[in-house]
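Read through the structure below, which is laid out as structure tokens, and then see the notes.
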2 protein chains.
Amino acid sequence: MIAVALNMAAVSITSPDGNLVLHVELTPQGAPYYTLDYKNKPVVTASALGLKSEQLDLTNGFRIASTDTMSVDRTWEPVWGEYSTIRDNFNEMAVNLIDKDHQREFTIRFRLFNDGLGFRYELPVQKGPNHLTLKDEVTEFNFNGDHKLYCIPGDYDTDEYLWSETTFSKLPEALSNYARHSEAQRVNGTTIQTPMLLKTDDGLYINVHEAALDGYPAMLLDVDTENYSMKSHLVPDRLGVSAYLQMPFNTPWRTLIVSDDARDILASQLVLNLNEPCKIEDTSWIKPMKFVGVWWEMFTGYQKTWAYSDDGLAKPGITDYTKLTPNGRHPANTENVKKYIDFAAKHGIDGVLVEGWNEGWEDWGGYRKNRQFRFDKPYPDFDLPALRDYAKEKGVKLIMHHETAANAADYELQLDSAFRFMKNNNYDAVKTGYVGAIIPRSEHHTSQWMVDHARHVIEKAADYQIMIDSHEAPRPTGLCRTYPNWLAQESARGGEFESMGGNPPSHTCMLPFTRLKGGPMDYTPGLFETKMSYYNEGKDSQAGTTLARQLALYLTMPSPIQMACDLPENYDRFPDAFQFIKDVPVDWADSKYLEAEPNQYITVARLDKNSDDWYVGAITDENARTATIDFSFLPKDGTYTATIYEDAPDAHWKDNPQAYRIRTIKVKPGTKLKQPLAPGGGAAIRIVKNTK
Amino acid sequence: MIAVALNMAAVSITSPDGNLVLHVELTPQGAPYYTLDYKNKPVVTASALGLKSEQLDLTNGFRIASTDTMSVDRTWEPVWGEYSTIRDNFNEMAVNLIDKDHQREFTIRFRLFNDGLGFRYELPVQKGPNHLTLKDEVTEFNFNGDHKLYCIPGDYDTDEYLWSETTFSKLPEALSNYARHSEAQRVNGTTIQTPMLLKTDDGLYINVHEAALDGYPAMLLDVDTENYSMKSHLVPDRLGVSAYLQMPFNTPWRTLIVSDDARDILASQLVLNLNEPCKIEDTSWIKPMKFVGVWWEMFTGYQKTWAYSDDGLAKPGITDYTKLTPNGRHPANTENVKKYIDFAAKHGIDGVLVEGWNEGWEDWGGYRKNRQFRFDKPYPDFDLPALRDYAKEKGVKLIMHHETAANAADYELQLDSAFRFMKNNNYDAVKTGYVGAIIPRSEHHTSQWMVDHARHVIEKAADYQIMIDSHEAPRPTGLCRTYPNWLAQESARGGEFESMGGNPPSHTCMLPFTRLKGGPMDYTPGLFETKMSYYNEGKDSQAGTTLARQLALYLTMPSPIQMACDLPENYDRFPDAFQFIKDVPVDWADSKYLEAEPNQYITVARLDKNSDDWYVGAITDENARTATIDFSFLPKDGTYTATIYEDAPDAHWKDNPQAYRIRTIKVKPGTKLKQPLAPGGGAAIRIVKNTK
């Protein structure tokens, strides 16, 4: 069928539409490599494949023993997401390699989709050693030009960086501009992280990432800026080991999403397709949601704190927290949380997140301490039973918060009791956090042990029917397909930074091309008061956004769990704009990417999963822009009313961010709307079918 | 009172009996040091005190701000042990040190007992940093001669070594003779472990150890063989950090047990006295016990295995163990365990330990794997419900086994469910194991994190009313006083080595002077068949013991949990000797050390806690010896019958180990018995008061 055996040492397959051609060959030394062409032009030039371990070298000395090929065209239905049905259509080739003495063997499995390539290493039981101490993965992604790169610096511990738009040759300069995070392990040289995006002079877009990261460390990319080449750089533990593997083992998939239309990169479901189907039998308890939270108060200039007391280091070793002196600036108190519950109930918001509810924040920064946080001990001013009952009465769900201070070992220790405590108190979802240097101290945020940890947490959560929104965890690789209770992750520079220097408007024009390919992000949109000076004259941070753009983010940053991040009082100042946040769904039947260019603009239309309403979001970078919204996605059989939340003509992210207008127009499938967007602005549209 | 302020920079105290004098002084640079005299002769010469951290230097620049002194004379009653009442009698001096700028302050608390010294560092809240990254403890133990040393090599991961009897000057040669354990981290140079013993030419005995090791790494000793000096060497983690401390913090006590009578070293309760009182309110569930077990079968030449299957590495990744091929050499099977239960029930033995009952042993040696053992999954041939019910019906307790393969992180993760599983199945005690290289990989067996781990396990066990017998855990420092559910530990070369080269007779003449000062050892005495060639001609290991000596070990190696380690079939061969094991108690009202010399001999008499019966145990090294047993410990008001289990005249540990005699004699308080002991032999005596 598809595979064409060129000779004993070379095989090929094409994508179902014939645009992509994958070629696999061995060097005279028996080292496997691959190439990838798109529409008859090289995308990836000859690039090495293989793994090196202390026990076995799986990089050369092989021959192709056989190849297994198949074609698959199937669909599946995610529990939530951008589409109600996803097509999984690929041609597959498994290249089985064996050495001369039949002592070493492994398979490289390739899946070629219309929108890109995935491949992984499959290590069967060996005649020789079956426990491998992995030292290196030699996988290369070699290119043939000084392409544009959209990327963030290599780091073993954090991905909370702004994006560079650079080229191979200018990468060193771009990376030199980044500040170092204090507790994170930046990688020297020209190492970058995935997901990253390339753009060729020919206008070809290439996203490089991985899928189904499980039992293996995350992959960074060492960039050879002279040869336009990238090589896998596995995150090691602090002993210098990449992974401890037991045969049989399959690595994650290495993924390349390829298209000459930027919209295809956004629409691609390749990473999800390469993940295992849902492992949770009954998913009825997994519910997409919107929430408000006791959270942004701590980021504003109000000087509010997660900690109940300022005694902190002055009175360490405290075990009876009622003996601490309250600092009076602790928003996670009963009265204040009730206000949030009232607000959520009034506006039909599903949940209320409360950070700073539990003992331990006085030791914040004391990450050297083994036992810091307790996940079953509310602060004295947080009357959990009363709030639990109050929330229930109001039909609102409290959302739990587990900040581990990066002590993942301690979290594993407490996990069962913490989840039991949640269920006993009517919590169904938890935001987890891993701020600081990891304990076990042998580990980084993205080393193998932490990847194992993340899977353990999500599996255990599923046992308890708990949904997870994880922050500072290994960046997503589509595992939310397998564990759809993993609603979202942070794993990028999120909305919190609007209070710490701000995110430029282009930032959210970049994330959907990169970070979001692994899964949804808890970006926390909905910021109506964008200037921190509003709270405190001394605080000059300003968000890189207009108010209207914040509404559009609910469309351009799709997630089954979306925060309305601002304070209730700010929503009360702009109730007509807040109406959009109340209306906008978090789960979709279909999505149409109308316009897209990385780092510049995105326009997307989505169909609500639970109604016939369509929504459109459009954003631009720091430049004003006129989006063209072609309503041909609308069903032919009707006329529609579109309510447009847009930047006012004089709006500007910096000088006039809160200038917005709301207007209503009639649209039909033929309509092409020229929609102006302010610098750093955006537009959000709700489209309702007119009743006859 | 006791403290005599010599000048602004020097203070002293004496022991209650006046024999010991402690002197503390500062150098002109403000560096604290101490000396210790015994009967007007120097024991410890000027020795440094202090701690070094990244944030604060607590070694010099200090003055004595004040001293607090007190005298204490009190008694307490241990839940179990060698004595029903223990006297805690000391003079205390807390030396409060402060620097010129009042930025650094700490206290060194000294407790001077008649039998030795304990001191610790107490770090209060500092004006400056309150989280310290400890790099070094400079505590010295300096001596004034080329004393005899009894010690084992420094190692971060194991203490399972034979003892060297050497001197400072000959230490390098002695240490060069030790083989390295494959996965353990031996310390190069002349580093040794505590507890260790010194003997001076004057006949003074000095035991160096520590008490109440909690939240801190274990202390090794760097020996300066030219200057007869020893310095604290804290076990670091693999990042090179000794400890992560938060103020306030108290270090463990550094201990010196001192006497010119070797018997006082054995009788000393100094380490226990320096530990915190029992933290468990209701201790009624803590029950000393004897047990047999499915264990020794795996050490003999029978080739039996902990694993259910030999598929092992050939079929890794198996999750359904019923699909493995049974190897037929798996003693932890229902039928065999029933035989052990029958044997225990017949002979009044309290418990039956079963090793190899749970899934995971096929991966043995695969310590690189994160998740290996499951503590709630019996093997297919181990019918746990049936055995649970059978044991209950027979009045026997099954003892759980948790081999973690040194994956302490994974054990913490499973701990709650593992303990719940135990209680649901009527288990009250567990033998834990940590064989291999520790996970978290940042840690050693005795680094701070593992010390924390051990305390967490014992506390959690107490919550579940579970007793612990821990193997390969940080060596004991008297914490069994605080947590008396910590019945015993291994933490030394135990009886298992009799099948792997053998332990020389002197080994058990050394352990009570060293290892046992921290707490009881699960040494597993009771070996009747001492030659492994009995099982398999090809196996030539032989235990360094006569049969009679094995009975004496129940007295000389006191423990609230004692195994009768041999196979039931071997006890059936010598039922009259086995009678002593059936009779001997494991908990004592009083103990009298009658004769003692390290590495040579020990004779001890003990009074049963639950009757008026006395027991005597006497052992010798590889030389024959005549023990003198002075029965003046017996109450004056009666006559007694002593049943003596002794070596036959031609007995010899190597050539004729099973030659024993049992005789009965009348004794009274005046009796002085000359009791011959064979080379490598011993004698065990039960003394019952005659009824009128």
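Out of (1) more than 14 Å from every other protein chain (Cβ to nearest Cβ); (2) surrounded by fewer than 22 Cβ atoms within 10 Å (Cβ to Cβ); (3) over 21 Å from the mean Cα position of the chain (by Cα); (4) charged (D, E, K, R), what's the single condition that is false for B:Arg186? Going through (1) more than 14 Å from every other protein chain (Cβ to nearest Cβ); (2) surrounded by fewer than 22 Cβ atoms within 10 Å (Cβ to Cβ); (3) over 21 Å from the mean Cα position of the chain (by Cα); (4) charged (D, E, K, R) one by one, B:Arg186 breaks only (3).
Among the numbered conditions (1) assigned to a strand (DSSP E or B); (2) of a type outside the set (Asp, Glu); (3) surrounded by 19 or more Cβ atoms within 10 Å (Cβ to Cβ); (4) in contact (Cβ under 8 Å) with a residue 24 or more places away in the chain, tell me where A:Arg87 comes up short. That leaves (3) as the condition not met. Can you find even one residue in region A:158-175 that is surrounded by 24 or more Cβ atoms within 10 Å (Cβ to Cβ), among the aromatic types (Phe, Trp, Tyr), under 30 Å from A:Ala10 (Cβ atoms) and away from chain B (no Cβ under 14 Å)? Within region A:158-175, not a single residue is surrounded by 24 or more Cβ atoms within 10 Å (Cβ to Cβ), among the aromatic types (Phe, Trp, Tyr), under 30 Å from A:Ala10 (Cβ atoms) and away from chain B (no Cβ under 14 Å).
Consider region A:463-472 and keep the residues that are surrounded by fewer than 24 Cβ atoms within 10 Å (Cβ to Cβ) and either free of Cβ contacts under 8 Å to residues at least 12 places away in the same chain or at negative phi (or both). The one that is nearest to the other protein chains (Cβ to nearest Cβ) is A:Asp463.
Being at pLDDT 95 or above, within 14 Å of chain A (Cβ to nearest Cβ), touching a Phe, Trp or Tyr at 6+ places or on another chain (Cβ under 7 Å) and open to solvent by less than 10 Å² (accessible area, probe 1.4 Å): is that true of B:His453 here?
When the stated conditions are applied, B:His453 does not pass them.
Within region A:34-64, the set of residues being without any contact (Cβ under 8 Å) to a residue 24 or more places away in the chain and either touching a Leu at 6+ places or on another chain (Cβ under 8 Å) or within 23 Å of A:Val241 (Cβ to Cβ) (or both) comprises A:Thr35, A:Asp37.
Applying the criterion of being within 18 Å of B:Ser66 (Cβ to Cβ) and small (Gly, Ala, Ser) to the residues of region B:12-37, the residue that is surrounded by the most Cβ atoms within 10 Å (Cβ to Cβ) is B:Ser12. Checked against (1) more than 13 Å from chain B (Cβ to nearest Cβ); (2) open to solvent by 10 Å² or more (accessible area, probe 1.4 Å); (3) not in a loop (DSSP other than H, G, I, E, B), A:Glu459 passes all but a single condition, namely (1). Of all residues in region B:607-657, none satisfies the criterion of being in a strand (DSSP E or B), open to solvent by 40 Å² or more (accessible area, probe 1.4 Å), in contact (Cβ under 8 Å) with a residue 60 or more places away in the chain and of a type in the set (Asp, Glu).
Put simply, of B:Met247, B:Met289, B:Met230 the only residue that is under 25 Å from B:Gln126 (Cα atoms), of a type in the set (A, V, I, L, M, F, W, C) and buried (at least 18 other Cβ atoms within 10 Å of the Cβ) is B:Met247. Taking the numbered list (1) at pLDDT below 95; (2) of a type outside the set (D, E, K, R); (3) surrounded by fewer than 23 Cβ atoms within 10 Å (Cβ to Cβ) in turn, B:Gly360 passes all entries but (3). Is there a residue in region B:312-325 that is more than 14 Å from chain A (Cβ to nearest Cβ) and among the β-branched types (Val, Ile, Thr)? The answer is yes; a qualifying residue exists. Are any residues in region A:589-604 under 24 Å from A:Trp80 (Cα atoms) and surrounded by fewer than 24 Cβ atoms within 10 Å (Cβ to Cβ), and if so, which ones? Result: A:Ala589, A:Asp590, A:Ser591, A:Lys592, A:Tyr593, A:Leu594, A:Glu595, A:Ala596.
Residue by residue, here is whether (1) free of Cβ contacts under 8 Å to residues at least 24 places away in the same chain; (2) within 14 Å of another protein chain (Cβ to nearest Cβ); (3) surrounded by fewer than 23 Cβ atoms within 10 Å (Cβ to Cβ) holds:
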| site | (1), (2), (3) |
| --- | --- |
| B:Asn370 | no, yes, yes |
| B:Ala391 | no, no, no |
| B:Ala408 | no, yes, no |
| B:Tyr411 | no, yes, no |
| B:Gln414 | no, yes, yes |
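Here are some residues: B:Ile206, B:Ile265, B:Ile280. Which one is in contact (Cβ under 8 Å) with a residue 24 or more places away in the chain and open to solvent by 10 Å² or more (accessible area, probe 1.4 Å)?
None of the others qualify; the one that does is B:Ile280.
For region A:593-624, the set of residues classified as within 21 Å of the chain's Cα centre (by Cα) and more than 15 Å from A:Ala552 (Cβ to Cβ) consists of A:Glu597, A:Pro598, A:Asn599, listed by residue number. Taken as a whole, the structure places B:His401 among residues that are of a type outside the set (Phe, Trp, Tyr), more than 14 Å from every other protein chain (Cβ to nearest Cβ) and open to solvent by less than 10 Å² (accessible area, probe 1.4 Å). The residue of region A:241-277 that is farthest from the chain's Cα centre (by Cα), among those that are under 16 Å from A:Val451 (Cβ atoms), outside any strand (DSSP E or B) and within 14 Å of another protein chain (Cβ to nearest Cβ), is A:Val241.
For region A:209-227, enumerate the residues that are part of a loop (DSSP other than H, G, I, E, B) and either buried (at least 23 other Cβ atoms within 10 Å of the Cβ) or not β-branched (Val, Ile, Thr) (or both).
Quick first cut of region A:209-227, residues part of a loop (DSSP other than H, G, I, E, B) only: A:212-218, A:225-227.
Listed by number, the residues that qualify are A:Ala212, A:Leu213, A:Asp214, A:Gly215, A:Tyr216, A:Pro217, A:Ala218, A:Glu226, A:Asn227.
Scanning region A:408-445 for residues that are modelled with pLDDT of 95 or more and in a strand (DSSP E or B) gives A:Ala429, A:Val430, A:Lys431, A:Thr432, A:Gly433.
Of all the listed residues (A:Asp540, A:Asp587, A:Asp576), the sole one being among the acidic types (Asp, Glu), out of contact with any Leu (no Cβ under 8 Å at 6 or more places or on another chain) and at pLDDT below 95 is A:Asp540. The residue that is surrounded by the most Cβ atoms within 10 Å (Cβ to Cβ), counting only those in region B:54-73 that are aliphatic (A, V, I, L, M) and either within 35 Å of the chain's Cα centre (by Cα) or more than 10 Å from B:Pro32 (Cβ to Cβ) (or both), is B:Leu58.
The values are calculated or read from the model by the stated rules, or taken from the named source; none is laboratory data. It should be emphasised that the depicted structure is a prediction, and the values quoted were computed from it without experimental measurement. Every residue, glycine as well, gets a Cβ built from its backbone with ideal geometry; the counts of neighbours run over all protein chains shown. The protein model used for the area step is the full one, side chains on, heavy atoms only, and it has no ligands, DNA or RNA in it. Shrake-Rupley method; radii C 1.70, N 1.55, O 1.52, S 1.80 Å.
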